[in-house]
Amino acid sequence: MVKFEQIKGFIFDLDGVIANTSTYHAEAWHQLADKLGVTWTDDLANQLKGVGRMDSLNMILEYGGKLNDYTEDEKIQLAAEKNDNYLKLLETLDKSQILPGMEEFIEDIADHNYLISLASSSKNSPRVLEKLGLSQYFNAKVDPATLKHGKPDPEIYVRGAEVLNLRPEECIGLEDAIAGVKSINGAGETSVGIGDANLLHEADINFANTSEVTLANIKDALDSVRV
Ligand code: B16
Ligand code: MG
């Protein structure tokens with residue numbers, strides 16, 4: 001485990017870490033699953049967290065035993081339909097959807113001169129960050145459209161460190177999703193899992209919710225692991 005003093009940057013997931021938009025993604029997929037006749041479950045919702053748009057659609061179709069029922073063109077249409085559902089839900093998005101303590105945490109790390117990047121799978125993430133009034137804190141954002149592989153592949157978190165000109169071991173990644181924690185770990189960074197610790201048991205550090213995410217708590221967690 002790295003020492004807290006080695007850390008120079010933080011790489012953020014967006015949906016479910018900075019904003020509660022993961023519930024909007026889930027609702028938008030749920031609407032589509034209902035239309036396709038695929039039963040929506042909590043298990044499916046957890047598997048989809050952090051996973052990109054087309055991969056999510058394929059997982060839903062596979063879950064419902066319908067993977068071979070649609071052509072590629074039809075799937076592109078279905079994914080666009082989910083995005084339309086999501087964009088409608090985003091219309092009312094504002095600062096009140098920032099998860100508890102996250103604006104304060106981001107301000108605090110910026111004040112302490114840590115570098116900050118975004119590693120969201122969402123093509124809508126620049127728009128969401130703007131609406132939340134948080135875009136100016138980010139030194140760099142990974143464009144998910146430029147990636148070959150989605151989470152859980154490490155690529156997005158590898159890039160999250162590269163865009164800050166930092167080495168992986170100098171970075172902490174923050175995630176609410178199983179796929180995201182795997183991606184951080186695969187990139188050789190320190191992973192913070194936010195949410196159910198049983199689900200996110202592969203994370204180096206676990207916090208039950210975003211209000212626990214502070215520099216002091218991260219330092220304590222890293223120091224205690226070393227003892
Ligand atoms: P879009 P994150 C992920 O964002 C969401 O968790 C996931 O539910 C969504 O399917 C994915 O982005 C793609 O989003 O359809 O807007 O491109 O958690 O990586 O910030
Ligand atoms: Mg997420």
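The values are calculated or read from the model by the stated rules, or taken from the named source; none is laboratory data. Bear in mind the structure is a predicted one, so any value in this text is a computation, not a measurement. Cβ atoms come from the backbone with ideal geometry, glycine included; neighbour counts cover every protein chain shown.
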So if I check each of Lys82, Lys35, which one is in contact with a helix residue (DSSP H, G or I) (Cβ under 9 Å, 6 or more places away or on another chain), more than 17 Å from Ile178 (Cβ to Cβ) and away from ligand 1 (no atom under 11 Å from the Cβ)? Lys35
Which helices (runs of 4 or more DSSP H) sit wholly inside region 110-227 and have at least 3 residues that are surrounded by 15 or more Cβ atoms within 10 Å (Cβ to Cβ) and within 16 Å of ligand 1 (Cβ to nearest atom)? 125-132, 155-162, 178-186
Just one of Leu93, Leu61 is more than 11 Å from ligand 1 (Cβ to nearest atom), surrounded by 16 or more Cβ atoms within 10 Å (Cβ to Cβ) and under 29 Å from Lys148 (Cα atoms); which is it? Leu61
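Among the residues of region 162-193, how many are over 14 Å from Asp15 (Cα atoms), in contact with a Gly (Cβ under 8 Å, 6 or more places away or on another chain) and either modelled with pLDDT under 95 or within 16 Å of ligand 2 (Cβ to nearest atom) (or both)?
Keep residues of region 162-193 that are over 14 Å from Asp15 (Cα atoms), which gives 162-172, 182-192.
Next, from what is left, pick out any that are in contact with a Gly (Cβ under 8 Å, 6 or more places away or on another chain): 164, 166, 168-172, 183-184, 187, 189-192.
After this cut, where a residue has to be either modelled with pLDDT under 95 or within 16 Å of ligand 2 (Cβ to nearest atom) (or both) as well, the list is 172, 183-184, 187, 189, 191-192.
Total meeting the criteria: 7.
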Can you find a residue in region 127-137 that is more than 15 Å from ligand 2 (Cβ to nearest atom), closer than 20 Å to Ile172 by Cβ, free of Cβ contacts under 8 Å to residues at least 60 places away in the same chain and hydroxyl-bearing (Ser, Thr, Tyr)? yes
Only one of these conditions is not met by Leu87: (1) loosely packed, with under 15 Cβ neighbours inside 10 Å; (2) touching a Lys or Arg at 6+ places or on another chain (Cβ under 8 Å). Which number is it? (2)
Scan region 99-109 residue by residue and report those that are touching a helix residue (DSSP H, G or I) at 6+ places or on another chain (Cβ under 8 Å) and assigned to a helix (DSSP H, G or I). Met102, Glu103, Phe105, Ile106, Glu107, Asp108, Ile109
